[in-house]
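See structure below.
What follows draws every value from the coordinates through simple rules; no lab data is involved. Since the structure is predicted, the reported quantities are computational estimates derived from the model, not experimental observations. Here the Cβ is made from the backbone with ideal geometry for all residues, glycine too, and neighbour counts use every protein chain on show.
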There are 2 protein chains.
Amino acid sequence: MERLEQRILQDGVVRPGQVLKVDSFLNHQMDIPFLCEIGQEFFRLFRDSGVTKIVTVEASGIGIACLTAQYFHVPVVFAKKSKTLNISGDVYSTEVMSYTHGRTYTVIISKSFLSAGDKVLLIDDFLANGCAMLGLIDLARQAGAEVVGAGIVIEKGFQRGGELIRQAGVRLESLAVIESMEDDGRITFRH
Amino acid sequence: MERLEQRILQDGVVRPGQVLKVDSFLNHQMDIPFLCEIGQEFFRLFRDSGVTKIVTVEASGIGIACLTAQYFHVPVVFAKKSKTLNISGDVYSTEVMSYTHGRTYTVIISKSFLSAGDKVLLIDDFLANGCAMLGLIDLARQAGAEVVGAGIVIEKGFQRGGELIRQAGVRLESLAVIESMEDDGRITFRH
């Protein structure tokens, strides 16, 4: 998505350790008219997939998931990061490693909100090592739901997430794929 | 908002301890077409207030804030719950007591995303004791921004939050105000 690449070049900030900060328009502060365009692009890509539900994980994916879902006229379910160790029997749960926070989270979705027969589109702002997305795929499959695709705003193409999600048999559409980032701020996209 | 009251009566579940679960349409699972109606109602109420930014706090307010902001054509900024004790100088920060989780959070907004001259509309899904909203008011005022209002989906009218926000001089619009909840599931609204 060319307008997204332009926006990343214009407003993204590269930090040491291959960190890309886009919190002026994608998370923390969210440029809503622009994110509506992103939602429309996800709709264009997945409109024929029979999507019945959009699933994301808190927190930064929620806004994009909601703005996208309005074009599909389907509900959003967001997986919750649980701090409690006692997980009751009425939720699907999985473990997700967060490299950003250096810890493992238990991520849950109530069994009431995902079922066999659901066709799930996963949405998130970033894809890097793929842990969060693989966790969502696991939750959907526990429910017997079909994952019809994963829509990512920015994929770090130099990390393994994209490969792992395709290996899991899921159609992946990333609106911008970063090939490389240099410490001097230079960003190259994959096309 | 009558359709909201109907929806609460239809799908809300009263749990012991004055807990109202509406996670089948408002949080966890979000009924997006319905939440768009809620966003349009907030727009009707605050369209003449010169809103330049919508501010909420992660996680469950983000979706409603984004769906609302598209009618105002303004950005959303969501305050982050910080686990780190070292808060750098480039953020506004405040302390928020969470009775649900029985602990105090530090809540932050980057100084880049709120400024004097901003006219801020606060949005959240629930108002009970008002701690989260008062924290957001504090952050906005630290930035020198004007808080033109607070839009709440469901206010627990029997708790102090509404009173505290009005005392802080902020116009409060709650789309449904619960007068009382009984353990047998009966819900009465304030009109």
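How many residues, within the range B:156-170, are in contact (Cβ under 8 Å) with a residue 24 or more places away in the chain and either more than 13 Å from residue B:127 (Cα to Cα) or part of a strand (DSSP E or B) (or both)?
Counting residues in the range B:156-170 that are in contact (Cβ under 8 Å) with a residue 24 or more places away in the chain and either more than 13 Å from residue B:127 (Cα to Cα) or part of a strand (DSSP E or B) (or both) gives 3.
Which of the residues spanning the range A:55-75 are within 16 Å of residue A:174 (Cβ to Cβ) and not polar (S, T, N, Q)?
A:61, A:64, A:65
Answer yes or no as to whether residue A:179 is assigned to a strand (DSSP E or B) and exposed (fewer than 15 other Cβ atoms within 10 Å of the Cβ).
On the way: assigned to a strand (DSSP E or B): yes; exposed (fewer than 15 other Cβ atoms within 10 Å of the Cβ): yes.
Yes: the conditions hold for residue A:179.
Matching residues to (1) more than 20 Å from residue B:67 (Cα to Cα); (2) of a type in the set (D, E, K, R):
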| position | (1), (2) |
| --- | --- |
| B:90 | yes, yes |
| B:100 | yes, no |
| B:109 | yes, no |
| B:122 | no, no |
| B:138 | yes, yes |
| B:145 | yes, no |
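Out of (1) within 14 Å of another protein chain (Cβ to nearest Cβ); (2) under 19 Å from residue B:27 (Cβ atoms); (3) surrounded by fewer than 24 Cβ atoms within 10 Å (Cβ to Cβ), the odd one out for residue A:106 is which?
Checking residue A:106 against (1) within 14 Å of another protein chain (Cβ to nearest Cβ); (2) under 19 Å from residue B:27 (Cβ atoms); (3) surrounded by fewer than 24 Cβ atoms within 10 Å (Cβ to Cβ), the one that fails is (1).
Name the residues in the range A:115-133 that are over 16 Å from residue A:100 (Cβ atoms), buried (at least 19 other Cβ atoms within 10 Å of the Cβ) and either under 13 Å from the mean Cα position of the chain (by Cα) or free of Cβ contacts under 8 Å to residues at least 60 places away in the same chain (or both), would you? Spell out the reasoning first.
Residues of the range A:115-133 that are over 16 Å from residue A:100 (Cβ atoms), as a first pass: A:115-123.
Then drop every residue that is not buried (at least 19 other Cβ atoms within 10 Å of the Cβ), which leaves A:118, A:120-123.
Once the filter is applied, which keeps residues that are over 16 Å from residue A:100 (Cβ atoms), buried (at least 19 other Cβ atoms within 10 Å of the Cβ) and either under 13 Å from the mean Cα position of the chain (by Cα) or free of Cβ contacts under 8 Å to residues at least 60 places away in the same chain (or both), the range A:115-133 yields A:120, A:121, A:122, A:123.
Looking for whichever is within 13 Å of another protein chain (Cβ to nearest Cβ), surrounded by 15 or more Cβ atoms within 10 Å (Cβ to Cβ) and in a helix (DSSP H, G or I) here; the options are B:79, B:69, B:140. Which one fits? Let's see the steps before the verdict.
Numbers: B:79 fails: in a helix (DSSP H, G or I); B:140 fails: within 13 Å of another protein chain (Cβ to nearest Cβ).
None of the other options fit; the residue is B:69.
Given the residues A:60, A:82, A:93, A:49, which is the only one that is free of Cβ contacts under 8 Å to residues at least 40 places away in the same chain and either under 21 Å from residue A:136 (Cα atoms) or touching a helix residue (DSSP H, G or I) at 6+ places or on another chain (Cβ under 7 Å) (or both)?
Working: A:60 fails: free of Cβ contacts under 8 Å to residues at least 40 places away in the same chain; A:93 fails: free of Cβ contacts under 8 Å to residues at least 40 places away in the same chain; A:49 fails: free of Cβ contacts under 8 Å to residues at least 40 places away in the same chain.
Of the residues listed, the single one that is free of Cβ contacts under 8 Å to residues at least 40 places away in the same chain and either under 21 Å from residue A:136 (Cα atoms) or touching a helix residue (DSSP H, G or I) at 6+ places or on another chain (Cβ under 7 Å) (or both) is A:82.
Within the range A:5-35, take every residue that is buried (at least 19 other Cβ atoms within 10 Å of the Cβ), under 16 Å from the mean Cα position of the chain (by Cα) and not in a loop (DSSP other than H, G, I, E, B) and give me the one that is nearest to the other protein chains (Cβ to nearest Cβ).
A:30
Only one of (1) touching a residue at least 40 places away in the same chain (Cβ under 8 Å); (2) farther than 19 Å from residue B:112 by Cβ is not met by residue A:27, so which one is it?
Status for residue A:27: all satisfied but (2).
I'd like to verify a number: residues in the range A:37-55 that are within 14 Å of another protein chain (Cβ to nearest Cβ) and surrounded by fewer than 19 Cβ atoms within 10 Å (Cβ to Cβ), how many? Explain how you work it out, then say what you get.
Here is the first cut: in the range A:37-55, the residues within 14 Å of another protein chain (Cβ to nearest Cβ) are A:37-40, A:42-43, A:51-55.
Adding the requirement that they be surrounded by fewer than 19 Cβ atoms within 10 Å (Cβ to Cβ) leaves A:37, A:40, A:43, A:52.
Count: 4.
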